[in-house]
Amino acid sequence: MKRFRLAQIAWLPLFAALPWLAGCAEDGAGEARARVDNRPRVKVCALARGVTFEDRVTVQGNVRTKFVAAVASRLAGTLDEVLADEGDAVKAGQPLFQVDRVNLENRVAIAKDDRAVARATREEALAAQAEAEASHLKAKTDAERFRRLYETSRSVTKDAWEKAELQLRVAAAGLARAKAAVATADAKILQAETSLRIAEKNLADSRVPAPFDGIVTAKLRDRGDFVDAGTPIFRMDNPAVREVCATLTADRYADVKVGETLLVTSFGQELPVTYKAPTVNPVTRTFELRAVMKPDAAVPPGTLCDVRIVFARRKGHALPTSAVALRGGRNVAFAVADDGTVVGIPAKTGVTNGTQVEILNPEAFAGKRVVAEGMLLLNPGDTVKAVE
């Protein structure tokens, strides 16, 4: 019994200290709760300056050679010679094929013979003209003499004088006929020379050369085939000069300027427009653009590519696209004040460049900490914790 009382007496100081210890624990927890910041954290940024913006449209285009030709026969006939094959590199003026050479050479020979006959006929006509001139001169002298004899002395009869006058008129007609024959011979010479030029031209056209330096991409006919005028024999390209081609809708026609508008390709070339179609296709309501490429062996003709058509490029102020959203029917960005409250600022926006939007009223955001992420969950007046 004595030991139990002694134990009770030993615990009494401890029980007396328990309220004080509990009070100390409650004070520590309150201070810890006071130190916890429950404000939402948002990432902030400043207005960016000197950001490049583009007025642009992205379409799909393709690469093709600038110079393409279907080399056709100029005459009807049989292909005598085919002087190139697919894949051959040819030079401008190099013969590619020959059509009906023997027949055309014979026509040239006949035309030359016809010209020689026409020239000989002219020589004969000149001789006849000289003879007619001599006869006319004799008849004129006789007519003058008979006229004098009849008028002065009546030593000849009037009938003899009239016969002399008749002979003069006959000689004059013969001279005129001889001169006409010479003129006809001259015309026949001209006709024969024209026929010869046509025959020689046809012979020259039968041997068709390459129109430019390039590569034969297709052989469509072979030796021995009969072809008509205009029948393609070869197709050839000049791969040294290539173009990027794209089509664009008609609503941007006025925005495209040759030499200024740029085509930026997915294979890394930025090219000025070198051709703009003069008309819009009435069915598709589109028009074509072209730009001459820089040499690149890795981009063969026929390659498809994405093309960014840049109408204008300028520097400006920008915010992240996530920092601007519609509130109440207008674009708004939120800025964090010094006391941590959120303030809405109207934003006048321009074009975007993918991740940033152009701000046309930068003075409203000068020196402001703008909410870059998380603004969709905020309202004006909310208190936040700004994180750079």
**OP:** From the list A172, A160, A164, pick out the single residue that is touching a His at 6+ places or on another chain (Cβ under 8 Å), closer than 30 Å to R145 by Cα and assigned to a helix (DSSP H, G or I).
**Re:** A172
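Okay, residues lined up against (1) farther than 23 Å from F67 by Cα; (2) open to solvent by 50 Å² or more (accessible area, probe 1.4 Å); (3) modelled with pLDDT under 95:
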site	(1), (2), (3)
D237	no, no, yes
V244	no, no, no
Y275	no, yes, no
E288	no, no, no
P300	no, yes, yes
R314	yes, yes, yes
L319	yes, no, yes
A323	yes, no, yes
Original post:
Do the conditions hold for G61, that is, is it farther than 30 Å from L378 by Cβ, in a strand (DSSP E or B) and of a type in the set (G, A, S)?
Top reply: yes
Original post:
Name the residues in segment 352-388 that are of a type in the set (G, A, S) and either modelled with pLDDT under 85 or closer than 13 Å to V42 by Cα (or both), would you?
Top reply: G354, A372, G374, A386
Subject >> Pick from segment 120-156, criterion β-branched (V, I, T) and either closer than 20 Å to K188 by Cα or open to solvent by less than 80 Å² (accessible area, probe 1.4 Å) (or both), ranking: modelled with the lowest pLDDT >> reply: V156
Original post:
Being in contact with a Phe, Trp or Tyr (Cβ under 7 Å, 6 or more places away or on another chain) and not in a strand (DSSP E or B), is that true of even one residue in segment 234-251?
Top reply: yes
Original post:
Out of segment 250-260, which residues are more than 10 Å from A291 (Cα to Cα) and within 16 Å of the chain's Cα centre (by Cα)?
Top reply: Y253, V256, K257, E260
**OP:** Only one of these is of a type in the set (A, V, I, L, M), surrounded by 17 or more Cβ atoms within 10 Å (Cβ to Cβ) and touching a strand residue (DSSP E or B) at 6+ places or on another chain (Cβ under 9 Å): V59, V71. Name it.
**Re:** V71
**OP:** Within segment 87-107, track down each residue that is under 14 Å from P232 (Cα atoms) and either hydrophobic (A, V, I, L, M, F, W, C) or assigned to a loop (DSSP other than H, G, I, E, B) (or both).
**Re:** L96, F97, V99
**OP:** Name, by its number, the condition in (1) outside any helix (DSSP H, G or I); (2) open to solvent by less than 50 Å² (accessible area, probe 1.4 Å); (3) of a type in the set (D, E, K, R) that does not hold for E81.
**Re:** (2)
Original post:
Is there any pair linking a residue in segment 39-55 that is within 8 Å of H317 (Cβ to Cβ) to one that is not in a strand (DSSP E or B), with Cβ under 7 Å and at least six apart or on different chains, and which?
Top reply: L47/P362; L47/F365; L47/A366
Subject >> Residue pairs meeting the criteria (Cβ under 7 Å; at least 6 apart or on separate chains; first farther than 19 Å from R169 by Cβ, in segment 119-137; second in a helix (DSSP H, G or I) and open to solvent by 60 Å² or more (accessible area, probe 1.4 Å)) >> reply: T121/K188
Original post:
Among the numbered criteria (1) surrounded by 12 or more Cβ atoms within 10 Å (Cβ to Cβ); (2) out of contact with any Lys or Arg (no Cβ under 8 Å at 6 or more places or on another chain), which single criterion is violated by I345?
Top reply: (2)
**OP:** Could you list, in sequence order, all residues of segment 342-369 that are outside any strand (DSSP E or B) and not charged (D, E, K, R)?
**Re:** A347, N353, G354, T355, L360, N361, P362, A364, F365, A366, G367
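The values are calculated or read from the model by the stated rules, or taken from the named source; none is laboratory data. Here the structure is a predicted model, which means the values were calculated and not measured. Methodologically, a virtual Cβ is constructed for each residue, glycine included, from the backbone with ideal geometry; neighbour enumeration extends over all protein chains shown. Each accessible area value is taken on the protein alone, full model and side chains, heavy atoms only, with ligands, DNA and RNA left out. Shrake-Rupley method; radii C 1.70, N 1.55, O 1.52, S 1.80 Å.
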